[in-house]
Each structure stands twice: as structure tokens, then as C-alpha cells.
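Right, one structure below, let's go through it.
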Amino acid sequence: MSSLTETPPAVRTAPARRIAVPAVPASPPRGLGRRIGRITGAVLTRIVAIAALAVIWEVFPRLELVNPVFLPPLTEVLAAWKDLLVSGELGNHTSASLARSAAGFGLAIAAAVPLGLLIGWYTPVANLLNPLLEVFRNTAALAILPVFVLILGLGETSKVAIIFYGCTWPILLNTVSGVRTVDPLLIKSARSLGLGPVRLFQKVVLPAAVPTIFTGIRLAGSASILILIAAEMVGAKAGLGYLINYAQYNFAVPDMYAGIITISAIGLLVNQLLVVTERRFSTWRTAN
Amino acid sequence: MSTPKIRFENVGKTFRARGATVTALRDINLDVRAGEFLVIVGPSGCGKSTLLDLAGGLAEQTSGRILVDDKPVTGPGLDRGIVFQQYALLPWRTAQGNIEFGLEAKNVPRRERAAKAREYLDLVGLTGFQDRYPHELSGGMKQRVAIARSLAFDPDVLLMDEPFAALDAQTRDGLQDELLRIWEKTGKTIIFITHGIEEAVYLGQRVAVMTSRPGRIKQIVDVGIDARSATEDLRSDPRFAHYRHEIWTLLRDEVKRARSEELEGTHV
Ligand SMILES: Nc1ncnc2c1ncn2[C@@H]1O[C@H](COP(=O)(O)OP(=O)(O)O)[C@@H](O)[C@H]1O
Ligand SMILES: [Mg+2]
């Protein structure tokens, strides 16, 4: 369980603030200049590696250091990507994919958060179910995919179901652990104020668990994209996973890479969005 | 004498932990007068926190009974406020929000809550800090917020479990004076637990010294120094030294006994 309840990203921002303090004695313009310099530096470091990858992707195939048939230069891939976008094909596949992901992910949140709260609140239930939850969490969703296909067929249901399955465990386990790791002193103190179980849960346990729950939701969000692609490679008629698989099958190699680029961009975006949301809900957890 | 505010009658508490039974408290008999500042000192592990939990209604005694205003304690209540050593502030609420927490429990209307919270922030010297989160406050400030929270819902009794033990000496001295000032101003009945002898003499009208486990009341020392806040430098007053020595002597044997029992315990 510990691997799932990782430290929130908010904690990691603390050292940066500490570094900023010694800069105070310096005269403001110099301090500001240094700060701008540092930010540009940080942005540069982030871009450098990706830019290098882009350059290598462009140059290596052109110099035939790698076979351009299997890895076309980046510009060709981008051209294919643009064609797909203009024809509307990319939009169709993307929306098909996102709809599945969102459905599975949303259902998982709707089911796993209340269930997790319930399990976490009742200690005996938590002790009883935790080993089972661990087993399911450690059973890779993709290993179970054939089972889902077998039972639910090749249609939408099995795809949404497998994403739902994969998203459920991180949310469920984090929610359970979030509820169970509430500082006992806070509960004691709230009880001393005469709060009944319902208000205790609503005013203490739930808010205390929110950051941990959001960590689970973030992990599930990433999982939803990963599982989606694999699910779409099995008997789909639309979706980015289908596009990638279909393009490869028909040797439309630039299209295949265009699909891959799209998926990784979506993955990055979704993750970034969830990280920001998570941080918003856990500012109070900074440096306790 | 009029009826005591709080009365402990033959109170005993045993814990059952991993098969063994531990007698934490035995035959506690103690009366606390209304408006009194009573300090309890005792070696660590003698059952001070347990005694306070019982008075707060957070645990149930195994024998005897506790009366507040002649009524037996059956659970927590807003007639008693507890201040813990580790502050117990809700980290996701601001100073103001934390103070309002107790008022919500009392079902005070929203607008009144905000005004009350400000009033008590002022009382503990935190005017202007209402929007700070606990992680933005020093230990001393956090404890001020916790004290304000316990005072805001206006309990008659304040139960304080080593509230200043985690603070540095200077902050602690400041808060002791502040607490005395608040006590004089509000007329609360305070039970204050500490393991610091100086703190006990400085704060308490009476100091109850407890024995090592199982905790009993060994002796109650009347600290005959009145009008504390008027006494300029109380700590260097010869009477202060006298009481400190008296309590130190009472505690010395108990601390020794507690130590040797602890050592025996680890050898078994
Ligand atoms: N919930 C509990 N279960 C078992 N033993 C306990 C429990 N709470 C306290 N004790 C035991 O009771 C004794 C008194 O504890 P406590 O009241 O915390 O002492 P103090 O506050 O004076 O240091 C200790 O020996 C402690 O181990
Ligand atoms: Mg204690």
C-alpha cells in the first residue's frame, strides 16, 4: 500500500522556498534577475532533453543511422499527424478514446471513493478486505483483459470495464489508507468537543483523507490512459490504440507514430491536470 | 465549603493490553473548587493523561466516579474543554477556522462564530493571524490557537495535558503568564498537568503530586502565593524556592521508583 500513498507533490516544493530565503539580503533588482535566470534555466533544462530527442528523431533517419522505413523523420510524422488532424480522423479516434477513459475513470471514482471511505471507517472490514485488495491491485489489469473480453465481449462494455477495473484499485486503496491514517489525536480532540460519529466523519476524517484520495485519483488517471490503449488494440473499431495498431498492420508507419505522439501528449496533459488538482487539495499538508 | 466543581471519587483505571492488565490509576480522591487553578505533577507514566481523559469523558474509569457540578461524567461535553500537548489543530483550517470548530460543535450560528473566533484570537494575543494555517504558525502560536479554541465555546472547566511541554523555555514562560492572565480574567476552573516542578509552582494554587504507577494522589501542596501576576519576579521569590523544594522532595522518590520499575520491566 505504501507504494501507492506516495508523498504529495506539494511537499517537494518546500526546498525551493527555503532556497529563496537567503536571496533576501541581495538588492531587489539583482535578486529578481537571478530569479528570472533561474526560471529560464529550469525551463531550458526541461526543454533541452526533449529538443535533443526531436533532433535525433529528425537527423538519424535522414542519415540512415536507423532505417527510415521503421522510424521516419519527425517532420514526416508531424506531416502525417497534420493530415490526420485535418481529415478529422484524429479527432474521431481521440474522442472515442477519451470517452472510454473518462467513463471508466469516472465510474471508478464514483464507486471506489465511497466504498473506500466505508471500508476505511470500519476497522474490522478494512482488516478483512485489505489482503484481498492487495491481491487485486497487484494483478495487472492487462492480465485480466482476456477475461473481460471473454465475459463481456469485444464491445465498449469490456473496454470501459477494464479501465474501470484498473482505476479502481489505486483509488480504493488510497481512500482506505487515507481514512485509516487520520491523526488519532484529531479524532480524540473532535470527540472531546462532543462530535458524533457522522459529524466526526464529515468534519475531520473526510477532509484529512482528501489529499491521499487525490493521490489515488491521480494514479488512476495515469492508469486509465495506459490501460485504454492496450484495450483498444484488441478488437476496437475506433480509438487511438486502434489507430496505432491499424496503422502498423497496414504499414502506415508515420500514422502509427502520429498516434503514439498523440497518446503521449494526452497522457502528459492528463497527468499535469491531476497533479495541479491534487496540489490544490493538499496545500495544508506542506511541511507539517 | 460549597460543593466542588469537579470531584474524583475512588477513581481507578486498569488497561488490558496484550493479555496483561495495567493498573494506571488507583483510588484517586480529589476535589477541585470552582475557579481553582489546580496543577497535577507526577513521574511520566503515572497516569496523568489517563486521569485527564477520564475527566474529559474520553475514556471510562474502571471503578469510582467523577462528578462535575454533582453530575457524573458519562462522556465528552462542552462544559469541559481539553488542550493537548500536540495542539490537535485541524491542519486544513485556518486559525479562525480552528477556533470556529468548537463553536460548530456547539451549533453557534455562523455569523456569531466568526465574531467569537476573532474575540478569542484577540484574547490569546493573535490579533491579525486569523487567516494563518497551522503550518504557518510557531509552536507557541499553535498552542495559543488551541487554547482559544477551547475557551471560545465557553466551558467552565479547562483540562490541559502538558500543554507547554513541547515549547522552548522562553515561549513557555510567556504562555504561562498569558494563561494566568486569561484564568484571572475568565474565572475558569483549570486542571493543568505538567511534569515540570517550576511550572507547577508558578501556575498552581494547589499542586497535587501523584505517585508512580499505579497513580494515586500522594499529597496536595497549597501554594500560598496570592496575586501571582502582581508579584514582580515570582521565580526568585524565596517562597517559590520553598514550594519548589517541597514538591521536588515529594516527587524524587516517585521518579526513582518509576525508573527502577521501568528497568525491571525491560529486563523481564
Ligand atoms: N490505551 C492504553 N492501553 C494500555 N495501557 C495504557 C493506555 N493508555 C495508557 N496506558 C498505560 O497507563 C499508564 C499511564 O499512562 P499515562 O496516563 O499516559 O501517563 P502519563 O500521562 O502520566 O505519562 C502507562 O503505564 C501507560 O502505559
Ligand atoms: Mg501524559
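The values are calculated or read from the model by the stated rules, or taken from the named source; none is laboratory data. Treat the numbers as computed from the prediction; the structure is a model and nothing was measured. Every residue, glycine as well, gets a Cβ built from its backbone with ideal geometry; the counts of neighbours run over all protein chains shown. Accessible surface is based on the protein model in full, side chains and every heavy atom, while ligands, DNA and RNA are left aside. Shrake-Rupley method; radii C 1.70, N 1.55, O 1.52, S 1.80 Å.
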If you go through B:Glu119, B:Glu60, the only one that is part of a helix (DSSP H, G or I) and not small (Gly, Ala, Ser) is B:Glu119
Checking the condition within 15 Å of the chain's Cα centre (by Cα) and either more than 16 Å from ligand 2 (Cβ to nearest atom) or at negative phi (or both), which residue from B:Glu178, B:Glu184 passes?
B:Glu178
Given (1) assigned to a helix (DSSP H, G or I); (2) out of contact with any Leu (no Cβ under 8 Å at 6 or more places or on another chain); (3) under 30 Å from A:Phe60 (Cβ atoms), A:Thr94 misses just (2)
Name the pairs whose Cβ atoms lie under 6 Å apart, with the first residue in region B:34-53 and more than 14 Å from chain A (Cβ to nearest Cβ) and closer than 16 Å to B:Val68 by Cβ, the second charged (D, E, K, R) and more than 9 Å from ligand 2 (Cβ to nearest atom), and 6 or more positions between them or separate chains?
B:Ala34/B:Lys5; B:Leu38/B:Arg206
Can you find a residue in region A:139-159 that is within 14 Å of another protein chain (Cβ to nearest Cβ) and either without any contact (Cβ under 8 Å) to a residue 24 or more places away in the chain or within 26 Å of B:Ala148 (Cβ to Cβ) (or both)?
no
Six or more apart or on different chains, Cβ atoms under 7 Å: show the pairs whose first residue is in region B:62-87 and more than 14 Å from every other protein chain (Cβ to nearest Cβ) and whose second is aliphatic (A, V, I, L, M) and open to solvent by 20 Å² or more (accessible area, probe 1.4 Å).
B:Ile66/B:Val73
Could you pull out every one of the helices (runs of 4 or more DSSP H) wholly within region A:202-288 that has 3 or more residues that are within 14 Å of chain B (Cβ to nearest Cβ) and in contact with a His (Cβ under 9 Å, 6 or more places away or on another chain)?
none
I'm trying to understand the selection: among the residues of region B:20-72, which are away from ligand 2 (no atom under 16 Å from the Cβ), hydroxyl-bearing (Ser, Thr, Tyr) and either open to solvent by less than 40 Å² (accessible area, probe 1.4 Å) or within 14 Å of B:Ser212 (Cβ to Cβ) (or both)?
B:Thr23
